[in-house]
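Each remark here refers to the structure printed beneath this line.
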Ligand SMILES: [Zn+2]
Ligand SMILES: [Zn+2]
């Protein structure tokens, strides 16, 4: 069973999950090898994963068979595990150290039966299905008393931590509110008390008005490189209307979200030559679904620089590309691609 341990000074939690070291390093599965049946996420290899939790599939097909277009399975090497025993949830002290049993869930959302598809290449209707699956799993896990937060994320490329090439996202449900979300809640709460509004709504308005860091915008969403970007080309996508939790995403917003994610990712992928990246959903933890000060959003980190000694030592990031330059570059990508077709080099 994995364990959560609290660092006594900073109070940050760490998951000790030794089983994960048994994970195969199989990122470099090539397309032809995949066809030979090695990729557990490919259609036809359903028996190579633990039994599915849910799937969007043809009505006449059975679970764990072909016929699906989205499939959710437990992670074979989970960072956190389900366990019926609620008593284990209370942090207990082992001498002076705080430990919490690693209760939670770790699931894989297989975004397509096709091995060589990628997020930005999915048709809009497929992307909608990906986000529907995210919403469904998020909402289902949040109903469990033991779960305080559901972190949905995507690692793409070996550098970004993906161990399989096949397009997939993951979720880890935790029995506590992670530090990053706690810090966002605190900052947003403080702003709300001082100014009486949502900090993220205000930020959206400022960015939209200034239009210096905006990458894409549609009816429901805005994408921009944040003012204090930690990484080159760091991009956030936020709903324009105030909404604290991803669980509240309705069908019309789901469509708008698919469009802006596709557009933003296409810009990132084509202008930065398919960089490895991490994409993270930040959403309201249990008990904050209707919070007037919190605002769910996506954060995308293309992995172009390495986090090194200074960053680890201080928590201060050195970003060699200003968000204004990055946004301009991404915004103009479509234009530059058009020119490229006419013979101009990038
Ligand atoms: Zn595959
Ligand atoms: Zn807001």
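Bear in mind these aren't lab numbers, they're just calculated from the coordinates by the rules spelled out. Nothing here was measured: the structure is a model prediction, and the numbers come from that model. For neighbour counting, all protein chains shown are included, and Cβ atoms are generated from backbone atoms with ideal geometry for every residue, glycine included.
Ordered from longest to shortest, the equivalent ellipsoid semi-axes for region 184-237 are 21, 14, 9 Å, each the square root of 5 times a Cα gyration tensor eigenvalue. From largest to smallest, the equivalent ellipsoid semi-axes obtained for the chain from the alpha-carbon gyration tensor read 30, 28, 21 Å. Per-residue ellipticity at 222 nm from helix content only, as computed over the chain with -39500 (n - 2.57) for each DSSP H run of at least four residues, stands at -9000 deg cm²/dmol.
Taking the number of Cβ atoms within 10 Å of each Cβ as an exposure proxy, the fewest-first ranking of 240, 62 is 62, 240.
The coefficient of translational diffusion for region 180-341, derived via Stokes-Einstein from the alpha carbon Kirkwood radius under 10 °C and 1.306 mPa s, stands at 96 µm²/s. For the pair residue 58 and residue 328, label points projected 7 Å from Cα toward Cβ lie 5.2 nm apart.
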